[in-house]
Amino acid sequence: MISRKHRFHGYGSLKHVYKNGTTVRGPLFGLKALPNPKRDSYRLAVVVSKKVNKSAVARNRIRRRLYEAVRQLEGDIIRPYDIVLSVFHSSVIDEPAESLARQVRKQLADAGILAKRIK
């Protein structure tokens, strides 16, 4: 789980990212991101609708899996961003952890949030 300082607080911040953020869409979830120069680190929200899965247990499991995938990449995030991951497919719950982490990395890189790795 990510620390408290990396979580969103309040609906207004989320609404601002939805309105002004750039979108990167993948097969299982979409990512909206917006630079936030007022902060010193990133903030993340994972939105899972009841349309994805009726069970709160399943929705929370999806949320925790995505939080963990981003937490493992937090050292590569270059600037303070507000990031919203919107899940729209229930197969995230059955996706292998490596595959999920790879997809999160790809979408963050496509949005320009991750630092370029020199090989």
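Things worth noting here:
- Only a single item in (1) exposed (fewer than 14 other Cβ atoms within 10 Å of the Cβ); (2) free of Cβ contacts under 8 Å to residues at least 40 places away in the same chain is not met by L66, and it is number (1).
- Residue check: V57 meets all listed conditions (1) of a type in the set (A, V, I, L, M, F, W, C); (2) surrounded by fewer than 18 Cβ atoms within 10 Å (Cβ to Cβ); (3) within 12 Å of L108 (Cα to Cα) but one, namely (3).
- The selection criterion, being closer than 22 Å to F8 by Cα, at pLDDT below 95 and not in a strand (DSSP E or B), does not hold for K116.
The values are calculated or read from the model by the stated rules, or taken from the named source; none is laboratory data. All figures in this text were calculated on a predicted structure; none of them were measured in a lab. Methodologically, a virtual Cβ is constructed for each residue, glycine included, from the backbone with ideal geometry; neighbour enumeration extends over all protein chains shown.
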